[in-house]
Amino acid sequence: MSMRIEHNVSRPPPVQITVDGAEVEATPGEMLATALLAASRTVFWRDASGRARGPFCNMGVCFDCLVEVHAGGGQPRRVRACLTPVVAGMVVTTGAVEGP
Amino acid sequence: MTSPGAPAAVTGLAIVGGGPAGMAAARLAVDHGADVTVIDEQPRVGGQILRQPPRGVEVTDWLPGAVYRNVRRTLAEIENDPSVDWRLRSSAVALLPQGNGHGVELWLDTPEGLQAVHAQTVLLAPGCHEQPLHFPGWTLPGVMGAGALQSFVKSQQLVPGRRFVLSGSHPLQLVVAEQLLRAGAEIAAVAFTQRPWAGLRLLATPMVALRAHRQLSAAAAAMWHLRAAGVPVLFGHSVVRARGEESVSAAVVAPVDADGHPDLRRAREFECDRIGVCHGFRVSSELARQAGARVAWSTRRGGWLVAHDAWYRSSVDRLHVAGEITGMAGADAALEEGRIAALGALRQIGAIDAAGAEALAGPVRRRLARLHRFADVLTRLSAPPGNLAAHLADDETLLCRCENVSVASFDRAVDDNAFIVTADAAKLLTRAGMGLCQGRLCGEQVARRLERRRGLATGAAGALHVNLPVRPVRLGAAVGDED
Ligand SMILES: Cc1cc2nc3c(=O)[nH]c(=O)nc-3n(C[C@H](O)[C@H](O)[C@H](O)COP(=O)(O)OP(=O)(O)OC[C@H]3O[C@@H](n4cnc5c(N)ncnc54)[C@H](O)[C@@H]3O)c2cc1C
Ligand code: FES
């Protein structure tokens, strides 16, 4: 469980993104990893053995925060959630629901 | 992969890394009339110590402490300077020195695709990343670097969990624990591998004026605050296992001896949903190594450090280095090193003469010598027990988290192939170190494990070869689509 700090912080109005089919509120410009953790998502993808994985370094090194982002009809792209800013309407798939 | 198609943009000085070293260098170079390009993969400059909130998120009293004072001043002096060509959200993935004084070509992976920049000279200031700890459960979601947890607080204004255990050997974990506590988190425990007297003895040496050392005094103040809040701060202990199915539900913490051997009979379990490991840092010398720069191993000062002369020139023509990649010394030292390296680069492109550079470098060198003495104390104080990871890992522990190589399968392969004596050969044999992070998290353990099994000296297995591009470019629909 994670929570956004409110004291002394002012954020722009939230936007909607879709995570594994569910509507989630996020702050535009914050990293996707932040939006996912704030929405109680800790499993970002699964490795070849089906083990759950999530962010480790939060700085682009470990590649354990990979998620799929679907943008405008094209191929989904795998991105590092810790380096990808939230944009309104993003459609995100994590490894949370997939089996091994 | 082919060279980026569009013609290269041309610049005088290209700086890779907008942290303290890169920012201070950029300020000085712009002031001397150089064309400066700054490349950073984060959306804003500042580097790891100053991971800034996203634009549009306003934070009152952001990072007020004294440790941040100098770096924040430099940030304010450069961030909005329009004469710098800012290339943010862009990773430098290759460095191609052209030889014969023809400068260096850089390849950048940007949101708009691959781009090339041609620079007369390059300053590499990419900093460091956290040193991981390979222990049972370390790949479970919820186990992170302590600095990773801290960046969520500093930059994202997120308390990235509910209840935390921090474990390591670096005093930064006290600062992180206190920042989390202030932000509303519960801290179940902070565990230090060192026995208390080990640190106290060092602090008692007359050379060290604790109060003059900002990082140590910040850690001491944090310790006081944590203890007052009733947080257990354990010495001579380490996390030895992360428990949980899909993410962390508890940390098992046990006493460890000076070699890192745990006493599991005296283990205790702390309920928590996050574990932060804090064993100091490893320098990000992969681009320098890819370009062929000479490096030397230092366990205590950050791994494969880039060798340099008094002007912070590497062994490769037109490749300067500054900040942590020359050896862990902290943010204030990174500022001063950035200034000296900038003077070296300006000399190289004829923007300043030798006497002028020398005059400006003098006072900077004196400040730097003092900071290096402090850094030496801090790295001695924060050294983890030599064989902690070797003692903690069990057969199923993943040695390489990218390629799913377990400790047992690595050991078996190495034992079956007695001719393997280098980390590179072990990588080709086992795939450990071949994944997306390019061995940045496992390379050191691959080498240490191989050396232990072969009875070789530390460092004898060599550095992993760094391939170009140093980051996988354009992660495609399939992971590992590295082009
Ligand atoms: C997670 C973390 C947290 C830390 N927190 C603290 C702290 O609270 N207090 C403290 O005193 N020290 C802290 N440190 C140590 C800190 O890194 C240094 O003191 C200081 O920031 C070093 O300055 P630098 O300029 O050498 O590197 P950095 O500040 O690390 O700056 C390097 C910059 O280069 C960029 N970069 C790296 N490689 C590439 C590439 N290939 N392409 C493009 N850009 C690249 C990075 O995004 C980064 O912004 C932390 C380190 C880490 C890793
Ligand atoms: S958390 Fe390590 S790459 Fe994103």
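The values are calculated or read from the model by the stated rules, or taken from the named source; none is laboratory data. Note that the structure is a prediction, hence the values are computed from the model and not measured. All Cβ positions, even for glycine, are placed from backbone atoms using ideal geometry, and neighbour counts span all protein chains on display. Surface accessibility is based on the protein's heavy atoms, side chains included, excluding ligands, DNA and RNA. Shrake-Rupley method; radii C 1.70, N 1.55, O 1.52, S 1.80 Å.
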* Structure fact -> Of all DSSP beta bridges with both partners in chain B, the antiparallel percent, nearest 5, is 50
* To do: Can you figure out the FRET efficiency of B:R366 with B:A221, using R₀ = 22 Å and their beta-carbon distance, to the nearest 0.05?
  => 0.20
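Tell me the relative contact order for the range B:41-195 as a rounded percent, counting alpha carbon contacts under 8 Å between residues six or more apart.
Values: 168 pairs, mean separation 27.1, N = 155.
For the range B:41-195, the relative contact order is 18 percent.
Please figure out what share of the DSSP beta bridges in the protein assembly as shown is antiparallel and state it in percent, rounded to the nearest 5. Mind showing how you got there, number by number?
On the way: 53 of 89 bridges.
Antiparallel bridges: around 60 percent, rounded to the nearest 5.
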* Could you tell me the total accessible area buried at the A-B interface, probe 1.4 Å, in square angstrom to the nearest hundred? => 4400
* Carbon and sulfur: what percent of the range B:249-321's accessible surface (1.4 Å probe)? -> 49
* Counting only protein chains, not ligands or nucleic acids, how are B:F374, B:F135, B:F235 ordered by accessible area (probe 1.4 Å), most first? -> B:F235, B:F374, B:F135
* Structure fact -> So B:N80 and B:S315, fully extended at 0.36 nm per residue minus their Cα-Cα distance, gain in nm 81.3 nm
* Asked: Counting alpha carbon pairs within less than 8 Å and at least 6 residues apart, what relative contact order, in whole percent, applies to chain B?
  -> 17
* Asked: Out of every Cα pair in chain B, what percent are spaced more than 42 Å from each other?
  -> 15
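Taking the Cα centre of the range B:277-377 as the origin, how large is its charge dipole in debye, to the nearest 20, when only Lys and Arg (+1) and Asp and Glu (-1) carry charge on their Cβ atoms?
Working: 14 positive and 10 negative charges, 43 e Å.
So the magnitude is around 200 debye.
Suppose R0 equals 22 Å. What FRET efficiency, 1/(1 + (r/R0)^6) with r the Cβ-Cβ distance, do B:R182 and B:E269 give to the nearest 0.05?
It comes out at approximately 0.25.
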* Asked: Is the shape of the protein assembly as shown rounded, prolate or oblate, going by the alpha carbon gyration tensor and its root eigenvalues a ≥ b ≥ c, with a/c under 1.5 for rounded and a/b larger than b/c for prolate?
  -> rounded
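So what is the calculated 222 nm ellipticity per residue for the protein assembly as shown, using -39500 (n - 2.57) for each DSSP H run with n of 4 or more, over all residues, to the nearest 500 deg cm²/dmol? Before the final figure, lay out each step's value.
On the way: 14 runs with 158 residues, N = 583.
Dividing the helical sum by the residues of the protein assembly as shown leaves -8500 deg cm²/dmol.
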* Using a basic spin-label model with each label point 7 Å from the Cα along Cα→Cβ, how many nm lie between B:D31 and A:Q75? -> 4.8
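Let me spell out the model: positive unit charges on the Cβ of Lys and Arg, negative unit charges on the Cβ of Asp and Glu, origin at the Cα centre of the protein assembly as shown. What dipole size does that give, in debye rounded to 20? Don't jump to the answer; show the numbers that get you there.
On the way: 60 positive and 56 negative charges, 326 e Å.
So the dipole magnitude of the protein assembly as shown works out to roughly 1560 debye.
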* Exposed-loop-free span, longest in chain B, where GluC sites (Glu not before Pro) count as exposed if DSSP calls them loop and at most 11 other C-beta atoms lie within 10 Å -> B:246-395
* Rounded to the nearest 5, what is the percent of antiparallel bridges among the DSSP beta bridges in chain A? -> 90
* To do: Would you mind getting the accessible area per residue of the protein assembly as shown, heavy atoms of the protein chains only, 1.4 Å probe, in Å²?
  => 39
* By its C-alpha gyration tensor, with a ≥ b ≥ c as the square roots of the eigenvalues, how is the range B:359-483 shaped: rounded for a/c under 1.5, else prolate for a/b larger than b/c, else oblate? -> oblate
* **Estimated inter-spin distance, B:W297 and B:A354, nm [label 7 Å along Cα→Cβ]** => 3.8
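On a full-extension model of 0.36 nm per residue, what is the gain between B:E112 and B:R380, subtracting their alpha-carbon distance, rounded to one decimal in nm? List each step's numbers first, then the result.
Working: separation 268, 0.36 × 268 = 96.48 nm, distance 4.39 nm.
That works out to 92.1 nm of additional length.
Count, for each residue of B:397-403, the Cβ atoms from other chains sitting within 10 Å of its Cβ, then give me the mean as a whole number.
Working: counts 0, 3, 0, 0, 7, 4, 2.
Partner-chain Cβ atoms within 10 Å, mean over residues of B:397-403: 2.
Normalise the Cα radius of gyration of chain A by 2.2 N^0.38 Å (N = residues in it) and let me know the number.
Details: Rg = 13.3 Å, N = 100, 2.2 N^0.38 = 12.7 Å.
Cα-based Rg divided by the globular estimate yields 1.05.
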* **Inter-probe distance in nm under a simple model that places probes 7 Å from Cα toward Cβ, at B:A418 and B:R453** => 1.4
* Put +1 on the Cβ of each Lys and Arg and -1 on the Cβ of each Asp and Glu in chain B; which of B:L464, B:A322, B:T299 then has its Cα farthest toward the positive end of the dipole? -> B:T299
